[in-house]
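First comes the structure, then the notes that go with it.
The values are calculated or read from the model by the stated rules, or taken from the named source; none is laboratory data. The model shown is predicted, which means the values in this text are computed figures rather than measured ones. A quick note on method: Cβ atoms are made from the backbone with ideal geometry, for glycine too, and the neighbour counts reach across all protein chains shown.
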Amino acid sequence: MALENFIVSPSRDGRKSLMEAMLEPTFYPRRPSSVSHRETHISDLFFAGDLVYKVKKNVRYSFVDYSNPARRLFFLQEELRLNRRLAPSVYLGILPISLDDYGWQLGSDAQITEYALVMRRLPERRMLDYLLDTEQATPAMMDEVAKTLAPFHAAAPNGRKVRVFGDPARIRAVWAENLADLDAFIGRTVDARTIAAIRAFGEDFLVRNLELMQRRCLGGYTREVHGDLHSEHICFAPEGIQIYDCVEFSRRFRCIDVASEVAFLSMDLQARGAHEHAQRFISRYVELTRDADLATLLPLYECYRALVRAKVYTLISPDRPESASRYFDQAYSYTFQPLKPFVVMIAGLTGSGKSTLARALGRRLGATVINSDVTRKRLAGASRNEQLKYGEGLYSPAMTARAYRKMTDQADNCLAAGGGVILDATFHRAAPRAPVFEVAERRGASVVLIDCHARDDLVRERLATRAAARNDPSDGNWQIYLKQKELLEPFPPTLARLPLDTEVPGAELVAKAEEFLRSALARPIKNTVYPIQAAAAQPLSESR
């Protein structure tokens, strides 16, 4: 007899009644003092004391089908089996849920309507996402994750039935399917321009790396792995690291190139601002596995994984688009990966709006933003928002030169790692520009300029508002603006330059800047003329 004949699926009202029952401590054998509920797009989880009970939703999406009781039970069984690979102490078993004359009963098989997966509750303050948010994550933790995953991947199944999922045609199909799902979100959490750029990036990447993907498929790099590896699914528990909540509902989402698995965590770390941790994790994993080609494929897989997270957040939090938008921006940033290394100098007098633009572009381009005001205050040991007098010690020519040298050194380190960097400074004097050109030439990086400006009356208004708020690292004021304007030296005509009026709305500014950068950064490095001038020897007084 078919399995579904043993299970009576609850109606919509019955489902609501079950959810209400599971919020009651009396529903559970151990009678916890309280019960809390968390909801994902495909499951309901109930935290009852030291245990967690998961019930799958009656849903069907393009990527998952839990639409009948038999399927929900089967995938609970798969979830138990698969997650015991990396979290053996967490996954305890499956219990039936019945409805009788006395109400809902956990553990009774009288008239089964649903099943619950029973898990041990992990300490929330040892979850990687919490550790990242509270700046408690360490490089040693990244090493531990890599040391856990490397042998797991090496031992994971990679037979013929697994390898078929690594065929480049299948990878292309999954990429296209994911993009098709996202069309419905245009205008809600993402704009059409972003999706178009991502689509073009993916198509180009898949064509350029077809041979490598074929070679990896035949070489056994497609494995049956976790499939949903991000920081919310990693816990540094007392008994050892636990990596849980893998993909159980689709073999094609967990039978993947190991590069895709690594890319998921790398992307998530980057999206949370933990770029150094991401690099440490990747480096340690490559060191352990000797997978020399992995880094080549990361941009595509990181982009894909960011889109998956954006889709999930759009589904579970339609009224809170911020999280989805963050991951869409993260996905978009990988489209600039083929243009790296690069330097974007965002220049302009104080109050021109350059720092606001620099922050937005840093997120959208996946580039490191180095701000002159923040650098200066860090060197002097002053707090970020401490207001200091212009023209005194912190703004002396010697300190100004020191701040620009520090910015150039930081840019050099970023370029050496193959990254992109945004230098946010006035650059109104020629002297501090020359070292930037020298470093870029040595690292084989493109240099472009976005020159921000605004009407005098708008600048004066911005500076007054900023001074009243006292929450900005810049100490610029109207007198400084006038002095900088007087001392402004022209930029070299050979430098790719976008004059940008920052009076227009922010989204329009970012769009104009990105259009310029895609064109300017795509020019061959060998045709770039670096304008290293004799002006570099001039003093830096009044520079910021």
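Yes/no per residue for (1) assigned to a helix (DSSP H, G or I); (2) surrounded by 19 or more Cβ atoms within 10 Å (Cβ to Cβ); (3) modelled with pLDDT under 95; (4) not assigned by TED's automatic domain parsing to the domain that holds GLN279:
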position: THR148; (1), (2), (3), (4): yes, no, no, no
position: HIS153; (1), (2), (3), (4): yes, yes, no, no
position: LEU179; (1), (2), (3), (4): yes, no, yes, no
position: ALA200; (1), (2), (3), (4): yes, no, no, no
position: GLU211; (1), (2), (3), (4): yes, no, no, no
Sole miss for PHE249 among (1) of a type in the set (Phe, Trp, Tyr); (2) closer than 23 Å to ALA137 by Cβ; (3) not in a helix (DSSP H, G or I) is condition (2)
Only one of VAL174, VAL225 is under 19 Å from ASP291 (Cα atoms) and in contact (Cβ under 8 Å) with a residue 60 or more places away in the chain, namely VAL225
Taking first residues from the stretch 55-76 that are in contact (Cβ under 8 Å) with a residue 40 or more places away in the chain and closer than 18 Å to ASP109 by Cα and second residues anywhere that are exposed (fewer than 14 other Cβ atoms within 10 Å of the Cβ) and of a type in the set (A, V, I, L, M), the pairs with Cβ under 9 Å that are 6 or more apart or on different chains are PRO69/LEU3; ALA70/ALA2; ALA70/LEU3; LEU73/LEU3; PHE74/LEU3
### Task
Answer yes if at least one residue in the stretch 355-369 is modelled with pLDDT of 90 or more, under 29 Å from TYR332 (Cβ atoms), touching a Phe, Trp or Tyr at 6+ places or on another chain (Cβ under 7 Å) and in a helix (DSSP H, G or I), and no otherwise.
yes
* Asked: Do we find a residue being touching a Ser or Thr at 6+ places or on another chain (Cβ under 7 Å), in a loop (DSSP other than H, G, I, E, B), modelled with pLDDT of 90 or more and buried (at least 19 other Cβ atoms within 10 Å of the Cβ) anywhere in the stretch 437-445?
  -> no
Screening LEU339, LEU394, LEU423 for residues that are modelled with pLDDT under 90 and aliphatic (A, V, I, L, M) leaves only LEU394
When ASP109 is run through (1) surrounded by fewer than 15 Cβ atoms within 10 Å (Cβ to Cβ); (2) at pLDDT below 95; (3) assigned to a strand (DSSP E or B), the failure sits at (3)
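Kindly evaluate ALA259 against the criterion of being more than 20 Å from ASP191 (Cβ to Cβ), without any contact (Cβ under 8 Å) to a residue 60 or more places away in the chain and touching an Asp or Glu at 6+ places or on another chain (Cβ under 7 Å). Break it down stepwise before answering.
Numbers: more than 20 Å from ASP191 (Cβ to Cβ): yes; without any contact (Cβ under 8 Å) to a residue 60 or more places away in the chain: yes; touching an Asp or Glu at 6+ places or on another chain (Cβ under 7 Å): no.
Judged against the criteria, ALA259 is not a match.
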